[in-house]
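K.L.:
Have a look at the structure that comes next, please.
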Amino acid sequence: MDKLINNAITNSNRIAVISNQTPYSYAILLEKSKAIAHFLLNGKTDLEEARVAFLISPSFDYTAVLWGIWRAGGIAVPLCEKHPLPSITFVIEDTEAEIIIYEKSFESLLLPLASKVSRFLVLDIIHKKGGELLFTPAPSRRALILYTSGTTGNPKGVVTTHHNIEAQITSLTTSWEWSKEDHILNILPMHHVHGIINILMCALWSGACCSFLPKFSPEDVFSEFKKGQLTLFMAVPTIYFKLIAHWKLLSETEKKEISKALIKFRLMVSGSAALPISVLADWKTLSGHVLLERYGMTEMGMAISNPYRGERKPGFIGVPLQGVTVQLADENNKPVEAGLQGEIQIKGPNVFLEYWGKPEATQDVFTSEGWFKTGDIAVFEQGSYRILGRNSIDIIKSGGYKISALEIEEVLRQHPDIDECAVVGIPDVEWGELIAASIITQKPNFDLKELTKWLKTKLPNYKIPRKYRLDHELPRNVMGKVTKNELKSKF
Ligand code: MLC
Ligand code: AMP
């Protein structure tokens, strides 16, 4: 945190963030985040890792609140603006958040949670000025909790320390040669590492500028590209797919205008899910850039990357980033022989501290030798890692979001007309995987549109199944376990 603040002081006259077309300097970010820290401290000198949840659209305010929480010694818990109340309530209860900070527009959504926290603060009132902050949190202190889906029903809170975050940032800023001249567009949700660490925090660490677009739309992204100021772009494969699809519909003149603007970029990166080779090829035609594909996870930030300089191999994720050690291991957590497939296991200062309040779950994902077990299966060939799949069929990646099939099944089972169900991910070039559900119901003319409406009150949009089968029974093996590969093939 000291280094982050010092970097910001050095760059105080530069633009840190542009949101709603308004530029904010590092000096303003420092001033505003200090004022927020003072307000949160309320006379104390340290929040001592109190969890401070916040629901603010991607913007300068989001950034100032994140820094303000850190400067007051709190743990930042970003909430997702697309989540329905039950998902937000889960996070507030699981973290035992003491404070919620919210943008006025979310007030009616959050009001039922006001009594669960000691301070329920609308952003507009956080403007106290003056006074020096007496400390910055030590590197070993907890800084951030991000929720990620796993092979158990409910998402788990991934805790990273200031030290972890610094390691995650610096391995990217050095490997990808970030500088204060950089300017990046941020269109990603701000409750995941891709948007928070790879884009926002790498920019702020480097004295560069981060422009926010609060909502993804291909038109808006292309019009930002055409302004000719950006040097970097990072997104998930689904976003590149959508941009390509939109570009293909434009006139020849418009296509040329966009391509001319894109060729000036320094770097374009794809990650969070496997990049289809067709998307890589189309983007090369459109932009002149071979996308740099990298591999990461909430629990460790980024770990493996194709090179910034040098050949980027289609279908490969590259080699370990600076400071990260990788091994491929067998079921006994022993390194596999050269050329064989194994689970990607990671060591390094980038790896998270713990799952919030879940010591057993934390222990389960580390080997006795301290390797973090990612659950992703890969092979090392031609000097580079290539992902082959995951060791759990119950993890789905759709639109770059990690989704637990079990979590969706648990919600579906709460429906009064559903007797049994099973959820799987089926391959899809646009979304990576599409969520598909097999439903067993006795109800005649079971209404799937009504089911979707009902699900949307309980789950975020990206966790809603997109394909259904109404079946008489689920395929099972002799042990009675649902054979999900068989179900997948039925879809
Ligand atoms: C939305 N839709 C989907 C869908 N999500 N359809 C199929 N599958 C999905 N997963 C549909 C909606 O129903 C709607 O259709 C339409 O798409 C628009 O919905 P939306 O909610 O407005 O979506 P949109 O904003 O366009 O979202 C698409 C997206 C978003 C790609 C921009 O999914 C996104 O921001 N993904 C990024 C997630 C991310 O940051 N992951 C990083 C995790 S960290 P209709 O018909 O109802 O209108 C990580 C580590 C690492 O993974 O390595 O980085
Ligand atoms: P999350 O838990 O949301 O952080 O998602 C992390 C998961 O995304 C990883 O465990 C991988 O399964 C997947 N992932 C990230 N980057 C890539 C990539 N380049 N190729 C394939 N899968 C990826």
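The values are calculated or read from the model by the stated rules, or taken from the named source; none is laboratory data. In this text, all values refer to a predicted model and were calculated from it rather than measured experimentally. Cβ coordinates were reconstructed from backbone atoms using ideal geometry, including for glycine residues, and neighbour counts include every protein chain displayed. Accessible surface is based on the protein model in full, side chains and every heavy atom, while ligands, DNA and RNA are left aside. Shrake-Rupley method; radii C 1.70, N 1.55, O 1.52, S 1.80 Å.
K.L.:
Could you list log10 I(q)/I(0) for region 395-490 at q = 0.15, 0.16, 0.18 Å⁻¹, which the Debye formula gives when each Cα is one point scatterer?
P.N.:
-0.56, -0.64, -0.81
K.L.:
Now for a different question. In region 377-491, carbon and sulfur make up what percent of the accessible area (probe 1.4 Å)?
P.N.:
49
K.L.:
OK, next. Under the rule of at least 5 residues apart or a separate chain, name every residue whose amide H is placed under 5 Å from the amide H of Ile304.
P.N.:
Tyr295, Leu321
K.L.:
Here's another thing I want to ask about it. With labels modelled as points extended 7 Å from the Cα through the Cβ direction, what inter-label distance (nm, one decimal) is found for Glu93 paired with Arg413?
P.N.:
About 1.7 nm separates the two model spin labels.
K.L.:
On to the next question. At 1.567 mPa s and 4 °C, plugging the Kirkwood radius over alpha-carbon pairs of the chain into Stokes-Einstein gives what diffusion coefficient in µm²/s?
P.N.:
55
K.L.:
State the extension gain, in nm to one decimal, for the chain segment bounded by Ile377 and Phe120, taking 0.36 nm per residue of separation less the distance between their alpha-carbons.
P.N.:
88.2 nm
K.L.:
Also, quick follow-up: How large is the charge dipole for the chain, taken about the Cα centre, if only the Cβ atoms of Lys, Arg (+1) and Asp, Glu (-1) carry charge, to the nearest 20 debye?
P.N.:
980
K.L.:
Roughly how many Å² of Lys264 are accessible to a 1.4 Å probe, to the nearest 10?
P.N.:
About 150 Å², rounded to the nearest 10.
K.L.:
For a Förster distance of 30 Å, can you work out the FRET efficiency between the beta-carbons of Lys260 and Thr174, rounded to the nearest 0.05?
P.N.:
Efficiency, rounded to the nearest 0.05: 0.50.
K.L.:
Run through all the Cα pairs of region 93-192 and give the fraction in each 10 Å bin from 0, expressed as whole percent.
P.N.:
Once binned at 10 Å, the Cα pair distances of region 93-192 give 11, 26, 39, 22, 3.
K.L.:
Using R₀ = 35 Å, calculate the FRET efficiency as 1/(1 + (r/R₀)^6) where r is the Cβ-Cβ separation of His246 and Leu111; round to 0.05.
P.N.:
0.40
K.L.:
Follow-up. Please label the shape of region 147-235 as rounded, prolate or oblate, based on the square roots a ≥ b ≥ c of the eigenvalues of the alpha-carbon gyration tensor (a/c under 1.5 means rounded; beyond that, a/b larger than b/c means prolate, else oblate).
P.N.:
The shape class here is oblate.
K.L.:
Continuing with the same structure: With the full set of protein chains in place, find how many percent of the accessible area of region 174-300 is carbon and sulfur; take the probe as 1.4 Å.
P.N.:
Here it works out to 58 percent.
K.L.:
Compute the distance in nm between two label points, each set 7 Å from the Cα along the Cα-to-Cβ direction, one at Gln229 and one at Asp447.
P.N.:
4.9
K.L.:
At 1.4 Å probe size, put Met297, Met479, Met234 in order of accessible surface, largest to smallest.
P.N.:
Met479, Met297, Met234
K.L.:
Beyond 17 Å, how much of the Cα-Cα pair distribution for region 267-331 remains, as a whole percent?
P.N.:
The share of Cα pairs beyond 17 Å in region 267-331 comes to 42 percent.
K.L.:
Over the chain, give the accessible area per residue in Å² for a 1.4 Å probe, as an integer.
P.N.:
43
K.L.:
Can you send over the solvent-accessible area of Cys421, 1.4 Å probe, protein chains only, in Å² to the nearest 10?
P.N.:
Near enough 10 Å² of accessible area.
K.L.:
To the nearest 10 Å², what's Ser140's accessible area with a 1.4 Å probe?
P.N.:
Accessible surface of Ser140 is approximately 90 Å².
K.L.:
Still on this structure, I have one more. Suppose accessible area is computed on protein heavy atoms with a 1.4 Å probe; arrange Ser211, Ser259 from highest to lowest.
P.N.:
So, going from the largest accessible area down, we get Ser259, Ser211.
K.L.:
Here is a follow-up. In whole Å, how far is the Cα centre of region 177-218 from that of region 4-76?
P.N.:
Distance between centres, Cα-based: 15 Å.
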